[in-house]
Amino acid sequence: MTNTGMRRARRAGGLGAAALTIVLGGGILTAPSAAAGSANFIQFKSDALYFVDTCYEWQGPDGIQKKNYCHNAKAVGSTWKANFPEEATGATVKVTFAGYTGGPPKTVTIDNADKNHCYQLKGTWPNYADVLRVNC
């Protein structure tokens, strides 16, 4: 490779690294705040043969609703959690099993944000899906 070719390769590599840094950095800045300020959380472990979405609606003082978000397309074997925002008093979590034909999405209502809450998801396509409360 000639000197000119080496300089072009280095410049392209440097530009690619810079673009990757911007993309990753932007993803970090725009990701929902799952670890807002509370040490307490809601955790899900999926043993369901579905892709699962969990959408959180935080309960508490006015303005807390702006912190709502979802975890999408979690597969069997996945475990994920959402930390309660500092000012939360509870949460309503809508659990949607993709392709489930046995009724509407499941809803989990939590009235106490002062402790951890853990759930195991069970189900087989197309008509069995359940959300079970388990010990953390």
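Could you grab me the full set of residues in region 56-83 that are more than 29 Å from GLY99 (Cα to Cα) and not charged (D, E, K, R)?
Within region 56-83, GLY60, PRO61, GLY63, ILE64 qualify.
Given the conditions (1) buried (at least 17 other Cβ atoms within 10 Å of the Cβ); (2) more than 15 Å from the chain's Cα centre (by Cα), and given that PHE97 satisfies all but one, which numbered condition is not satisfied?
(2) is the only condition that PHE97 fails.
Name the residue, out of ALA129, ALA113, ALA75, ALA98, that is modelled with pLDDT of 95 or more and closer than 15 Å to SER38 by Cα. Explain how you work it out, then say what you get.
Numbers: ALA129 fails: closer than 15 Å to SER38 by Cα; ALA75 fails: closer than 15 Å to SER38 by Cα; ALA98 fails: closer than 15 Å to SER38 by Cα.
The match here is ALA113.
Tally up the residues in region 45-94 that are among the small types (Gly, Ala, Ser) and surrounded by 20 or more Cβ atoms within 10 Å (Cβ to Cβ), please. So that I can check it myself, show each step before the final result.
Taking region 45-94 first, the residues among the small types (Gly, Ala, Ser) are 46, 48, 60, 63, 73, 75, 77-78, 82, 88, 90-91.
Subset that is surrounded by 20 or more Cβ atoms within 10 Å (Cβ to Cβ): 46, 48, 82, 88, 91.
The number of residues fulfilling the criteria is 5.
Report yes if ALA73 is over 17 Å from VAL108 (Cα atoms), part of a strand (DSSP E or B) and either touching a strand residue (DSSP E or B) at 6+ places or on another chain (Cβ under 8 Å) or not assigned by TED's automatic domain parsing to the domain that holds ALA113 (or both), otherwise no. Lay out the reasoning, then the answer.
On the way: over 17 Å from VAL108 (Cα atoms): yes; part of a strand (DSSP E or B): yes; either touching a strand residue (DSSP E or B) at 6+ places or on another chain (Cβ under 8 Å) or not assigned by TED's automatic domain parsing to the domain that holds ALA113 (or both): yes.
In short, yes.
The values are calculated or read from the model by the stated rules, or taken from the named source; none is laboratory data. All figures in this text were calculated on a predicted structure; none of them were measured in a lab. Neighbour counts are summed over all protein chains in view; Cβ atoms, including those assigned to glycine, are modelled from backbone coordinates with ideal geometry.
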